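Report on one structure; see the data block that follows.
The values are calculated or read from the model by the stated rules, or taken from the named source; none is laboratory data. None of the values given here were measured: they were computed from a predicted structure. Heads up, the Cβs are rebuilt from the backbone with ideal geometry, glycines too, and the neighbour counts pull from every protein chain shown.
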Amino acid sequence: MDNSHNSIPLCTMETKETEAICIFGTGDFGRSLGLKLLQCGHAVIYGSRNPQSSSLTPKGAEVFSHSEAAQRASIIILAIHREHYDFLKQLTEVLNGKVLVDVSNNLKINQYPESNAEYLARMVPQAKVVKAFNTISAWALQFGALDASRQVFICGDEIYAKQSVMDIVRTLGLTPLDQGTLLAANEVENYPLQLFPMWRIPIFICSGFTILIFLYCVLTEVLYPCVTSKEDTSYLIAVSIPNRVFPIVSLILLALVYLPGIIAAVLQLYRGTKYSRFPDWLDTWMLCRKQLGLVALAYAFLHAIYTLVMPIRYYVRWWSNNYIITQIKTNNTYEFLNYYAWLSDSYVALGILGFFFYVLLGITSLPSVSNAVNWREFRFVQSKLGYLTLVLCTAHTLVYGGDRFIYGPFYKWYLPPAFVIALIIPCTVLALKLIIIVPCLDKRITKIRQGWERNSKH
């Protein structure tokens, strides 16, 4: 049975006998790495302070003192914390010319003035220090790494030493990524400590808009009736107001996915070249567009779920029953209005279509799907269908508003309804896009992106 989808690929080993690899440290990572090395055909030696009493090592590995174990191998993996490096000073002669692989991580980013690998290289200058394996966990070694955790960042000053470590990484079914010299060690050590680095800005933006729109809705739908007519509508806070906040924020975030591309096009038109760097804020914005889109999709899902539960709410059932009773008491049947039927069905249809393409965009952004399409197909879905999604969702909001855009009672304290605020950024983005795709401008942008420069003599 093929288990390649949930485990590390089969070890790739040459037929010749491999040299023993030494590991200092018998913690979770040291044991897991030793076991995987043994499974892939390597001879493994552990260095321990108490080799006679060590019973934690995997079956098949030998245990010696630190000095003796180091003498038996040319590659030594340090699966110990920086605080315990001091004993290595006593082994400087034994470690002369050896490859020392530092796998340590810290408790927080930039915990020390220099990286652990650089500190180790300064402590044992005769050794060839390589930073590796710190981006993969003991769990992944034991039970199989997913695509993202197969990557092993490697850096070091000695090319031969790095190549030796990269060969070991490949035999374990992992993917080595050369990050350069030990100057990159600090960045490599900080990488596993970062908590969703590309999600931080999108989450801050989403949280800010969510809080602002929620407070705005509370002001116009709860505080306003309370102050003006002493009516208690606080029950709207549980479902109705969130069901306004989610689609509004979702639509704004979707527009923010495509706004930086328009700004970039305007800058290129203005400068007449593509060889001038964008501002840092625009670069950062463009790099987190995928995360912005996925957060927007999550809010769209919440809006869909909240909308589905509307009919079972007490307030909705009470209003519907009261509407029928009122007709019975007054002996008056309200006539069917074809205009509002069209408005309602169009609003629902646009919402369904918009949500469908929304989900399609989200599915296409998954690595397993995006890797199965070429760049043109991916661009078509994310750009062309993305703008179609923005158009449908904007139209969904416009139809929802209907004649309420000009209906006075919906403006509380001269403040527009929340759905009007939701349309500001999306309509701006669509208007700018319509301008940019005008043939004369579109051709100029295409020429610039193909390398043409306004000030070029050619």
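Brief remarks on what is shown
Listed here are the residues, each with its yes/no results for (1) of a type in the set (Ser, Thr, Tyr); (2) under 18 Å from Val99 (Cα atoms).
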| position | (1), (2) |
| --- | --- |
| Phe29 | no, no |
| Gly34 | no, yes |
| Val44 | no, yes |
| Asn50 | no, no |
| Thr57 | yes, no |
| Ala61 | no, no |
| Ile76 | no, yes |
| Ile80 | no, yes |
| His84 | no, no |
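- Restricting region 130-156 to residues that are at pLDDT below 80 and assigned to a loop (DSSP other than H, G, I, E, B), the residue that is farthest from Leu35 (Cα to Cα): Asp147
- Answer residue from region 81-129, given it is in a loop (DSSP other than H, G, I, E, B) and acidic (Asp, Glu) and is nearest to Ala184 (Cα to Cα) among those: Glu114
- Flag for Lys329 being basic (Lys, Arg) and either buried (at least 17 other Cβ atoms within 10 Å of the Cβ) or not in a helix (DSSP H, G or I) (or both): no
- Of the helices (runs of 4 or more DSSP H) lying entirely inside region 337-394, those containing at least 1 residues that are among the charged types (D, E, K, R) and either surrounded by 11 or more Cβ atoms within 10 Å (Cβ to Cβ) or at pLDDT 90 or above (or both) are 338-364, 375-379.
- Given (1) without any contact (Cβ under 8 Å) to a residue 40 or more places away in the chain; (2) hydrophobic (A, V, I, L, M, F, W, C); (3) crowded, with 16+ Cβ neighbours inside 10 Å, number of the condition Trp281 does not satisfy: (3)
- Of the residues making up region 169-202, those that are surrounded by fewer than 17 Cβ atoms within 10 Å (Cβ to Cβ), assigned to a helix (DSSP H, G or I) and of a type outside the set (D, E, K, R) are Leu183, Tyr191, Pro192, Leu193, Ile201.
- Just one of the numbered conditions (1) modelled with pLDDT of 95 or more; (2) hydroxyl-bearing (Ser, Thr, Tyr); (3) under 24 Å from Ser368 (Cβ atoms) is not true of Thr210: (3).
- Helices (runs of 4 or more DSSP H) wholly inside region 210-296 that include at least 2 residues being touching a Phe, Trp or Tyr at 6+ places or on another chain (Cβ under 6 Å) and in the same structural domain as Ile424 (by TED's automatic domain parsing): 242-271
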